[in-house]
2 protein chains.
Amino acid sequence: MLYVVGLGLADEKDITVRGLEAVRSCGRVFLEAYTSILLCDTARLSAFYGVEVTVADRELVESGSDEILRGAGTGNVAFLVVGDPFGATTHTDLIIRARELGIAVEVIHNASIMNAIGACGLQLYNFGQCVSLVFFTETWKPASFYDRVRENCGVGLHTLMLLDIKVKEQSIENMARGRLIYEPPRYMTVSTAAQQMLEIAALKRDESEEPCYDESTWAIGVGRIGATDQRIVAATLGELVDIDVGPPLHSLVLLGSRVHPLELEYMKHYAVNKDAVQALIDEKDK
Amino acid sequence: MLYVVGLGLADEKDITVRGLEAVRSCGRVFLEAYTSILLCDTARLSAFYGVEVTVADRELVESGSDEILRGAGTGNVAFLVVGDPFGATTHTDLIIRARELGIAVEVIHNASIMNAIGACGLQLYNFGQCVSLVFFTETWKPASFYDRVRENCGVGLHTLMLLDIKVKEQSIENMARGRLIYEPPRYMTVSTAAQQMLEIAALKRDESEEPCYDESTWAIGVGRIGATDQRIVAATLGELVDIDVGPPLHSLVLLGSRVHPLELEYMKHYAVNKDAVQALIDEKDK
């Protein structure tokens, strides 16, 4: 049996009871740790689960699925995923491969940012498609995310922005020289995300297109959702550039125009400027 | 402390380890059981948690929040929610009320249909807004859901349809006579959902509007997602009218035109007609 187990958001105790029983029944346990990270280290997982957890990097997951699946036909193998197992495409690949090999698969779900973002007070059914934002470089500033944000804005929906993480990346120089030296991990902050989004809005304005958001658009920055030290800050996109929501991981929600007064009422609790949110509520209630 | 604890999707073991520890520390434990249901009975929850679980109906949650919160200032109270705590508006109301009373609140997240629907193989970032579908009656066939589906279709996104459940409802006659007699619970099936959707499509056609979906549109019916007996069936909306995906709860996903070949590849596993899905993949790959 291959168990694909969601670990939830924060630490070793966010696994479900069903998930924990499954993991403890496994001879081999892999942790996918490149599309997201848990907020505690792997040793703590191994100690709590009572089994050795092997970190699986992108190469192992994408090219070494048969190595992961070895023994899953006769014994149990667990593949642990931060959040819910269906957050990233590569995990469906592993399941498809297991099926090809005739290995039974059981998926154990858990919370992920896709539903836990409700903690900011905005209703999940008022969100449009979710959008990824990658780190800009000097020479590469992909603006394709903007088109999707515009689609959501067009119908007044909120947008959850998933922010880039860079784990086990090589510098171009090290890659060219074939040196397996990795850069320190980088996690995009809410501040960087807001900056990049405003950079693209400015670009649109230069091209004489009215951008679908600007410095004055309301947004919510969140840090470490689901952990005891989670932070939620509601402010304008312009203000968020200068706001630190603490240690990673971060996400950002851009508010849609269809926002309901009850959502604003809840959001007010997290607002830098509560009077400004109250003014929005009064405007909506008119 | 008020703990608001997500129970996940299926049974007593879907609670997280953190959630279980919280519940076991509580003197009073309430279960919200009218916006969704767990697939096992309350006695099993009480036995597993080792604490008496009281079922909270809509009336208690919406008007009796102070009764639920009684004692949460000095001891611990748990409010259990099927899925994740932020699935329904009324739970944010309870949190707002707790804050007003100066009661500390901790939310413990879990899987919900909003992220577990990824199990059907469609990528979560290709979903637009989520849409609720209520039971039609002879005289009341609200079509407002259609406008939201059309917004998603307009940009090629998938739509998760949440299907109505009727728990502890009175007949009009019993309500009029003030008799507290409740109808047996009803859960909308995938078949009924497909029927109702096609009824509205026909109505649009009568009004000379080309509907955004029809009998030939691909959809995925799911039953008891997250349970060991979950069922996932991919077929056209017309075919789903005659397909039974087993005991409740059900949900339905309408496929968007932007669907990726890899999503179809995964979906093929669940298709009634695998050749038809392969033809779609070949078409996309051209």
> In nanometres, what is the gap between the two model label sites at residue B:150 and residue B:195, each 7 Å from Cα along Cα-to-Cβ?
Replying inline: 2.5 nm
> Within straight cross-link reach of residue A:274, meaning Cα distance under 26 Å, which lysines are found once same-chain residues fewer than 8 apart are removed?
Replying inline: A:284, A:286
>> Ordered shortest first, which distances in nm separate the 7 Å Cα→C-beta label point of residue B:142 from those of the other copies?
In response: 4.0
>> Considering only C-alpha atoms, what is the centroid distance from segment B:224-243 to segment B:71-139, in Å?
In response: 24 Å
> What chymotrypsin sites (Phe, Trp or Tyr not before Pro) does segment B:99-159 have in DSSP loop regions with at most 12 other beta carbons within 10 Å?
Replying inline: B:140
> Taking chain A as a Gaussian network, Cα atoms linked when under 10 Å apart, which of A:246, A:223, A:50 shows the biggest mean-square fluctuation?
Replying inline: A:50
>> Between residue A:74 and residue B:21, what's the calculated FRET efficiency when r is the beta-carbon distance and R0 is 25 Å? Round to 0.05.
In response: 0.10
>> If I require 18 Å or longer along the helix axis, counting alpha carbons, and a Kyte-Doolittle average no lower than -0.5, what helices from chain B are left? Use full DSSP H segments.
In response: B:190-206
> Which shape class, rounded, prolate or oblate, goes with segment B:151-241 when its Cα gyration tensor gives a ≥ b ≥ c as root eigenvalues, a/c under 1.5 marks rounded, and past that a/b bigger than b/c marks prolate?
Replying inline: oblate
>> Suppose each label sits 7 Å from its Cα in the direction of the beta carbon; what would the residue A:99-residue A:43 distance come out to in nanometres?
In response: 4.1 nm
> Does the protein assembly as shown classify as rounded, prolate or oblate by the C-alpha gyration tensor (a ≥ b ≥ c root eigenvalues; a/c under 1.5 gives rounded; else a/b over b/c gives prolate, otherwise oblate)?
Replying inline: rounded
> Which are the unpartnered cysteines of chain A, meaning those with no other cysteine Cβ under 4.7 Å from their Cβ?
Replying inline: A:26, A:40, A:120, A:130
>> Can you list the copy-to-copy distances for residue B:172, using a point 7 angstrom from Cα toward Cβ, in nanometres, shortest first?
In response: 7.1
>> Going 7 Å from Cα along the Cα-Cβ axis for the label, what nanometre distances separate residue A:274 from the same residue across the other copies?
In response: 6.0
>> Of all beta bridges DSSP finds with both residues in the protein assembly as shown, what is the antiparallel percent, to the nearest 5?
In response: 45 percent
> Can you tell which of B:271, B:119, B:176 shows the greatest fluctuation in a Gaussian network model of chain B with Cα springs below 10 Å?
Replying inline: B:176
> For the pair residue B:208 and residue A:183, what calculated FRET efficiency results from E = 1/(1 + (r/R0)^6), where r is the Cβ-Cβ distance and R0 = 60 Å, to the nearest 0.05?
Replying inline: 0.50
> Within segment B:152-214, which trypsin sites (Lys or Arg not before Pro) sit in a loop by DSSP and count at most 11 neighbouring Cβ atoms inside 10 Å?
Replying inline: B:177, B:179
>> I want to verify a result. In a Gaussian network model of chain B, Cα cutoff 10 Å, which of these has the top mean-square fluctuation: B:206, B:57, B:84?
In response: B:206
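Every number here is computed from the coordinates shown, using simple stated rules; none is lab data. These numbers were taken from a predicted model, which means no experiment stands behind them. Because the Cβ atoms are built from the backbone with ideal geometry, glycine has one as well, and the counts that use them run over all protein chains shown.
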